[in-house]
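The values are calculated or read from the model by the stated rules, or taken from the named source; none is laboratory data. Since this is a predicted model, take the numbers as computed values, not measurements. Glycine also receives a Cβ, built like all others from the backbone with ideal geometry; neighbour counts cover every protein chain displayed.
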Amino acid sequence: MDVDPRLYEQMAVNDNDIHSIVMSYLVHNCFKETVESFIACTGMKQPSDHLEDMEKRKRIYQFALEGNALRAIELTEQLATNLLEKNKDLHFDLLSLHFVELVCSRKCTEALEFAQMKLTPFGKEQKYVVKLEDIMALLAYEEPEKSPMFHLLSLEYRQHVADSLNRAILAHANHPTYTAMERLIQQTAVVRQCLNQEHGKDVPQPFSLKDFLKS
Amino acid sequence: MGGVEDDEPASKRMKLSSEELRRLSNGSTIKETVAGSSGDLMARPLQSEGGEEVVGSKGVIKKVEFVRIIAKALYSLGYIKSGAHLEEESGIPLHSSVVNVFMRQILEGNWDESVVTLHNIGLTDEKTIKSASFLILEQKFLELLGEEKVMDALKTLRTEIVPLSVDNSRVRELSSYIVSPSYCTSVQSPKQDTLRARSRSKLLEELQKLLPPTVMIPEGRLEHLVEQALVLQRDACMFHNSMDKEMSLYSDHHCGRDQIPSQALQILQAHTDEVWFLKFSHDGKYLASSSNDQSAIIWEVHETGVSLKHKLSSHDKPLSSVSWSPNDHQLLTCGAEEVIRRWDVYSGECLHVYEKTGLGMVSCGWSPDGKWIFSGLNDNSICMWELDGKELECWKGQRTLKISDLEITGDGKHIISICRETEILLLDREAKVERFIEEDQPITSFSLSRDSRFLLVNLLNQEIHLWNIEGDPKLVSKYRGHKRTRFIIRSCFGGLDEAFIASGSEDSLVYIWHRGTRELIESLPGHSGAVNCVSWNPANPHMLASASDDRTIRIWGLNNLSRSVKQKEPRHSNGIHYCNGGT
């Protein structure tokens with residue numbers, strides 16, 4: 001820690017601010033029971049339908065993460081109509097998740113038919129063509145895990161799509177799409193980097209939250 | 001050991017002395033040793049040192065290869081029976097039986113069997129076998145798709161093509177074709193053409209390119225060899241200057257000297273002082289000349305000769321050069337350290353004057369799209385203007401000299417000028433990159449080839465250097481013979497495909513070299529003063545113009561042409577047609 005601790009000990013931090021930050025994180029990630037306990041402990045006010053929506057959002061996220069894209073799509077339609085129509089990229093990614101599932105379970109004929117019906121209409125727009133080719137190419141391999149496109153089968157990819165879906169639903173309901181916590185950490189890191197560069201210090205590693213917390 | 005074959009007809013058998021037999025066993029050719037042998041015995045096979053039979057006088061053509069490519073040519077021409085007969089009679093098959101089976105299987109679409117046969121051909125390179133298998137299976141895949149057997153096609157892709165591990169990006173493309181029936185019709189994709197399987201004979205052609213030529217003779221091999229020979233003959237022909245000289249296979253190509261302009265057909269006497277510069281328009285219909293008499297003249301080129309069209313006399317200084325607009329409708333004239341004027345060729349009107357206060361112009365040029373004018377100035381800078389006179393850019397510094405030519409390359413990207421005594425600058429005006437040609441001797445003038453790839457540089461020491469200016473400049477050839485001691489002498493490219501170099505000279509002669517062989521082929525007398533500049537008509541390889549200190553311009557043409565002109569006109573003593581200005 002190279003900044004003098006005395007400098008920021010003077011800064012006052014409001015308890016309510018901290019509560020809001022924690023709450024936004026919990027809500028974003030659908031930790032329903034924790035939210036309920038937190039409200040009870042801190043005495044914060046929350047609108048009642050918030051919890052219901054959170055539950056639904058949680059289920060949608062789970063389905064997407066598992067790769068059960070069709071279910072996720074169905075529930076999303078119920079919760080937020082027109083959302084997928086407005087987010088075509090997301091819709092495409094979700095449909096491709098289902099396709100990948102079919103390919104992984106070696107249901108090639110079904111996969112082919114599904115692709116022809118649902119995915120190829122997207123091919124009318126140039127920006128989807130490359131993605132479509134990537135996905136279609138999976139069909140060529142008897143062991144898709146060994147193909148050059150194996151990343152489409154990975155948990156990281158599903159997580160990425162699930163996260164995008166989550167953000168889209170929050171945006172649709174006019175909630176913030178990024179948690180305050182995330183933003184604060186990002187901001188701190190950037191500011192620290194800038195300061196280090198300005199002072200001309202040779203800092204080989206970028207700002208590390210982990211190290212900061214340990215010290 | 002080597003010698004005459006026993007199964008030859010008796011009439012051809014020669015008696016050989018013991019000495020000749022000994023020479024034969026050393027591998028020398030029969031043609032030299034057998035007395036009385038005539039040229040038609042050239043196809044007689046001999047034993048080369050390697051044990052294979054050879055044909056031809058130099059012993060480098062292998063008989064088996066020779067017969068095979070002839071057979072291939074016969075088949076290509078459609079003479080199937082002749083081809084088959086040749087194979088039988090010579091005992092040399094065009095293709096081995098395995099290859100014949102392979103070819104038939106491809107044409108009949110027996111894909112799986114053809115892949116098996118492929119492995120039996122005896123290829124040593126694993127990669128080739130795989131690539132060939134890939135091509136065959138790709139064809140199978142595309143044909144299945146064409147028959148709408150989608151699942152079969154998919155199976156081929158998955159189980160046969162992918163395991164080859166060849167060309168993954170092509171695999172991607174093929175996968176996308178599976179869904180493409182609905183996809184291709186809606187997207188304007190170039191893939192639509194490649195979706196349709198190519199014809200099987202096309203596949204065979206591609207396979208043949210892949211396989212070693214000993215296995216499958218390449219298509220058109222004999223024709224290719226013959227063309228190679230013809231091209232070499234043409235390039236070696238020093239006087240080749242005529243389009244209508246067709247090449248025959250019966251004898252080696254050789255043009256006569258009569259294709260080079262060597263007779264002065266006209267003498268143009270309209271200038272009143274030394275003529276310093278001249279240039280034909282791009283379409284060869286006009287000639288522009290400029291003179292120490294402060295005027296420029298536009299001449300018109302007709303079938304019957306050259307006549308004066310306009311005299312442009314508005315300058316107050318001697319004119320150093322002229323430059324034709326890319327479409328030949330306009331002309332720039334440059335007064336020495338004075339101004340540049342732009343003229344309309346048809347009306348002879350001066351359309352614009354380009355000047356810069358306090359400075360004088362030394363050279364002029366057009367951009368290839370005719371939108372901008374470039375000029376060198378006497379403060380060593382180069383400027384660029386729009387046609388209406390608005391200055392767009394100025395490259396300051398040591399960019400040009402007071403005596404310098406200026407050229408713009410055909411792509412509009414490079415400006416060429418002499419920047420130092422012994423250096424030529426090639427300035428890429430967009431990328432702002434400079435390249436240089438460096439000489440040991442001071443440079444007096446240069447000329448750019450029509451394709452902008454070569455630069456002809458005249459030096460103080462009476463040498464002309466040809467440089468290739470693509471990439472890093474490389475010296476290609478040197479030409480010598482003309483005389484230059486005091487003045488600026490200019491040279492140019494010319495003739496059919498710019499195969500010749502012409503230059504003026506201080507000894508009053510016009511010099512012409514063959515560009516490739518560097519041989520001096522003509523030195524033309526006629527002028528009575530130093531010849532300052534030459535220009536070869538780009539549209540007529542038989543017309544050359546020269547400008548001289550004797551105040552005249554000579555138009556040179558072919559010898560035989562002048563004879564026919566002579567018949568039409570009243571007789572002159574030497575067949576030269578004089579033209580005094582002011583028609």
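Assorted remarks:
- Inclusion of residue A:128 among residues that are within 14 Å of another protein chain (Cβ to nearest Cβ) and either touching a Ser or Thr at 6+ places or on another chain (Cβ under 7 Å) or buried (at least 17 other Cβ atoms within 10 Å of the Cβ) (or both) is warranted.
- Residue B:327 passes every criterion in (1) closer than 20 Å to residue B:410 by Cβ; (2) in contact with a strand residue (DSSP E or B) (Cβ under 7 Å, 6 or more places away or on another chain) apart from (2).
- Residue within region B:192-199 that is outside any helix (DSSP H, G or I), within 13 Å of chain A (Cβ to nearest Cβ) and modelled with pLDDT under 80 present: no
- Among the residues examined, residue B:232 qualifies as part of a helix (DSSP H, G or I) and not β-branched (Val, Ile, Thr).
Here's the yes/no breakdown for (1) surrounded by fewer than 19 Cβ atoms within 10 Å (Cβ to Cβ); (2) away from chain B (no Cβ under 14 Å):
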site	(1), (2)
A:85	yes, yes
A:91	no, yes
A:109	yes, no
A:118	yes, no
A:122	no, no
A:134	yes, no
A:158	no, yes
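- Test: residue in region A:105-121 that is over 17 Å from residue B:177 (Cβ atoms), in contact (Cβ under 8 Å) with a residue 24 or more places away in the chain and part of a helix (DSSP H, G or I): no
- Against the numbered list (1) within 25 Å of residue A:84 (Cα to Cα); (2) out of contact with any Asp or Glu (no Cβ under 6 Å at 6 or more places or on another chain); (3) of a type in the set (A, V, I, L, M, F, W, C), residue A:184 comes up short only at (1).
- In the set B:127, B:81, only one residue is among the basic types (Lys, Arg), modelled with pLDDT under 90 and at negative phi; that residue is B:127.
- Condition check for residue A:78 on (1) under 20 Å from residue A:56 (Cα atoms); (2) at the interface with chain B (Cβ under 10 Å from one of its Cβ atoms): one failure, at (2).
- For region A:146-191, filtering for residues that are assigned to a loop (DSSP other than H, G, I, E, B) and aliphatic (A, V, I, L, M) leaves 2.
- Listed by position, the strands (runs of 3 or more DSSP E) inside region B:242-345 whose residues that are among the aromatic types (Phe, Trp, Tyr) number at least 3 are B:275-280.
Okay, residues lined up against (1) at pLDDT 90 or above; (2) within 28 Å of residue B:495 (Cβ to Cβ):
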| site | (1), (2) |
| --- | --- |
| B:413 | yes, yes |
| B:436 | yes, no |
| B:454 | yes, yes |
| B:460 | no, yes |
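- Taken over region B:514-531, the criterion of being in contact with a helix residue (DSSP H, G or I) (Cβ under 9 Å, 6 or more places away or on another chain) and in a loop (DSSP other than H, G, I, E, B) is satisfied by B:515, B:516, B:517.
- When region A:136-156 is filtered for residues that are in contact (Cβ under 8 Å) with a residue 40 or more places away in the chain and within 11 Å of another protein chain (Cβ to nearest Cβ), only A:144 remains.
- Residue list for region B:209-230, restricted to those being of a type in the set (Lys, Arg) and surrounded by 15 or more Cβ atoms within 10 Å (Cβ to Cβ): B:221
- Per-region count, region B:142-183, residues out of contact with any Leu (no Cβ under 8 Å at 6 or more places or on another chain) and either more than 10 Å from chain A (Cβ to nearest Cβ) or of a type in the set (Asp, Glu) (or both): 11
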